[in-house]
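Note sheet for the following structure.
Every read-out reported here was derived from the displayed coordinates using simple, explicitly stated rules and does not represent laboratory data. Everything quoted here is computed from the prediction, not taken from an experiment. Glycine also receives a Cβ, built like all others from the backbone with ideal geometry; neighbour counts cover every protein chain displayed.
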Amino acid sequence: MGKKSLPRRLLLERGPNPLRDVYVHNRGDGWWLYADGYRLAAERLTTDAENLTRYQRNSVIYPILFLYRQHLELMLKYIILVGQRLRSEATRPPHHHRLRDLWGEGKRVLRERSISVPSKDLTRIEHTIDELTALDPSSDLFRYPMDKTAEFPFPEELRQFDLSIFRAKLAKVSETLRRIAGLLDADLDLEREFYHDLYGGYH
């Protein structure tokens, strides 16, 4: 199969100042980078929403909710992938969007590596994932105005909520997941150093 031809450069043009251009990560190991991008975009939108009109605030909640959910999904998948590396397994990221299943695999990694997480933080993650799973099991709810049956599945009693409270709660969950991922990264670095010293390379 031949190399994929590039589109004409109409949208992705280089600017006059390379220091102001953005650069796309072009390898398959950018899970944390992508997750952080969704988080930062969600946080910026949420902050800016305070200065928007009521209509504008009610329009940006969909990308905000999707971005936060996508951030959590990618952080969980990153934790799973680091766990696979620590087991010396081939890295195969899960291809589904089921947060509860991803968290189940993530907890396995925590047990295997004896990562200690305060019970209140674990409970907060569990409750957040349970609520988002009940609302949006397949990551579709915040992307389309109706589901595949042409119904609007958002529960009537949940349609009004405080965006700043939502942001504060998601920020705590995100912080915990990023802290877990950082500890796992440190474990991986230590194992790499060990194998490098022992064999001259990481096996």
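So here's what we get for this one:
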{"read-out": "Cut-off of 10 Å, at most 12 other beta carbons, DSSP loop: longest stretch of the chain lacking such GluC sites (Glu not before Pro)", "value": "90-150"}
{"read-out": "Cα centroid separation, region 22-61 to region 77-152 (Å)", "value": "20 Å"}
{"read-out": "Listed residues 118, 93, 137, most fluctuating in the chain (Gaussian network, C-alpha, under 10 Å)", "value": "118"}
{"read-out": "Most mobile listed residue (39, 179, 69) in the chain, GNM with C-alpha springs under 10 Å", "value": "179"}
{"read-out": "The chain: calculated mean residue ellipticity at 222 nm from DSSP helix runs of at least 4, using -39500 (n - 2.57)", "value": "-21000 deg cm²/dmol"}
{"read-out": "Kyte-Doolittle at least 0.5, axis length at least 20 Å by Cα - qualifying DSSP helices, the chain", "value": "none"}
{"read-out": "Estimated dipole of the chain in Debye, rounded to 20 [Cβ of Lys and Arg +1, of Asp and Glu -1, Cα centre]", "value": "580 debye"}
{"read-out": "Estimated FRET transfer efficiency (residue 22, residue 86; beta-carbon r; R0 30 Å; 0.05)", "value": "0.40"}
{"read-out": "Stokes-Einstein D (µm²/s) once Rh is taken as the Kirkwood radius of region 28-199 over alpha-carbon pairs, at 37 °C in 0.692 mPa s", "value": "189 µm²/s"}
{"read-out": "At most 16 other Cβ within 10 Å, DSSP loop - chymotrypsin sites (Phe, Trp or Tyr not before Pro), region 1-42", "value": "23"}
